[in-house]
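Undergrad: Structure below; questions to follow.
The values are calculated or read from the model by the stated rules, or taken from the named source; none is laboratory data. Source: prediction; values computed, not measured. Cβ coordinates were reconstructed from backbone atoms using ideal geometry, including for glycine residues, and neighbour counts include every protein chain displayed.
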Amino acid sequence: MRRILLLICMMLVLEAPGNAQSAVQGTPPPPGASASEAAKVPAGTTLRAELTTLLTTKTSRTGDPFTARVVEPIFAGGYEIIPANSTIDGHVAMVKPPGRATGRAEMRLIADSITTPEGTTFTVGAGLQSAEGTKVKDSEGTLEGAGKSTKSTAKEAGIDAGVGAGVGAIADGGTGALYGLGIGAVAAVAHNLLKHHKDVVLPQGTELNFMLARDAVATKSAEKPAEAANPPQQ
């Protein structure tokens, strides 16, 4: 009889809805805390976002802030931790304008924090992995502009090989190849060098992918406004 009662008790425990829910969703948040406040986002998580600030190597400077919008929610422990439309705040970590000859423009972005619509903030420190329409050239997330070589620039300008050699001399700091060139030809080359060596430009709406370098834990949550006291009864 005791064995039968023990088996019945075990079956009731296993079938309890609370245990089944814990197996699927993990440990529930403490009383009074949201899922975002109770959980952490593990390192290596990808943040898919949409830029809401215009960034360009022509006008942006190192240290300038930027914002982006989370476009895909992030889940951890069976809970939605960071919902879509959360706000990413970051900064421009490095800006390198395009070179006067063959140099390419460069820019590096860092995501610093994420704030959910309910007011929970995560400190992140995530590097850029990819950006729509722009090349990311290294593991540090450096964006690179579409610069052109000296010969390519001269060719697209419709200038002969002799002038192209002159442009190369300018780029290398030499002067010997410039003898015999007309002032107008040199001016045309200079104009096209400036025209074709483009800046990095990230317009609003650009899709960005960041990756967390470390675990992100909620650091603070906006306090809910106190409810207005009931007016005294007449």
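Undergrad: Can you tell me which residues in segment 68-89 are in a strand (DSSP E or B), farther than 12 Å from residue 202 by Cβ and under 13 Å from the mean Cα position of the chain (by Cα)?
TA: Of everything in segment 68-89, those that are in a strand (DSSP E or B), farther than 12 Å from residue 202 by Cβ and under 13 Å from the mean Cα position of the chain (by Cα) turn out to be 69, 70, 87, 88, 89.
Undergrad: So, one more: For segment 78-90, name all the residues that are buried (at least 19 other Cβ atoms within 10 Å of the Cβ) and β-branched (Val, Ile, Thr).
TA: Those that are buried (at least 19 other Cβ atoms within 10 Å of the Cβ) and β-branched (Val, Ile, Thr): 81, 82, 88.
Undergrad: Failed condition for residue 112, given (1) surrounded by fewer than 20 Cβ atoms within 10 Å (Cβ to Cβ); (2) in a strand (DSSP E or B); (3) touching a helix residue (DSSP H, G or I) at 6+ places or on another chain (Cβ under 9 Å), with all others met?
TA: Only one criterion is unmet by residue 112, namely (3).
Undergrad: Take residue 93 and tell me if it is hydrophobic (A, V, I, L, M, F, W, C) and either touching a Pro at 6+ places or on another chain (Cβ under 8 Å) or buried (at least 20 other Cβ atoms within 10 Å of the Cβ) (or both).
TA: No.
Undergrad: Could you list, ordered by first residue, the pairs with Cβ atoms under 9 Å in which the first is in segment 197-209 and in contact (Cβ under 8 Å) with a residue 60 or more places away in the chain and the second is among the aromatic types (Phe, Trp, Tyr) and surrounded by 17 or more Cβ atoms within 10 Å (Cβ to Cβ), at least 6 apart or interchain?
TA: 202/66
Undergrad: While we're here: Are there any pairs with C-beta distances below 6 angstrom linking a residue in segment 120-145 that is under 18 Å from residue 203 (Cβ atoms) to a residue that is basic (Lys, Arg) and not in a loop (DSSP other than H, G, I, E, B), with the two at least 6 apart or on different chains, and if so which?
TA: Close Cβ pairs satisfying both conditions: 144/135.
Undergrad: Then there is this: So how many residues does segment 115-144 have that are crowded, with 16+ Cβ neighbours inside 10 Å, part of a loop (DSSP other than H, G, I, E, B) and either touching a helix residue (DSSP H, G or I) at 6+ places or on another chain (Cβ under 8 Å) or at pLDDT below 90 (or both)?
TA: 1
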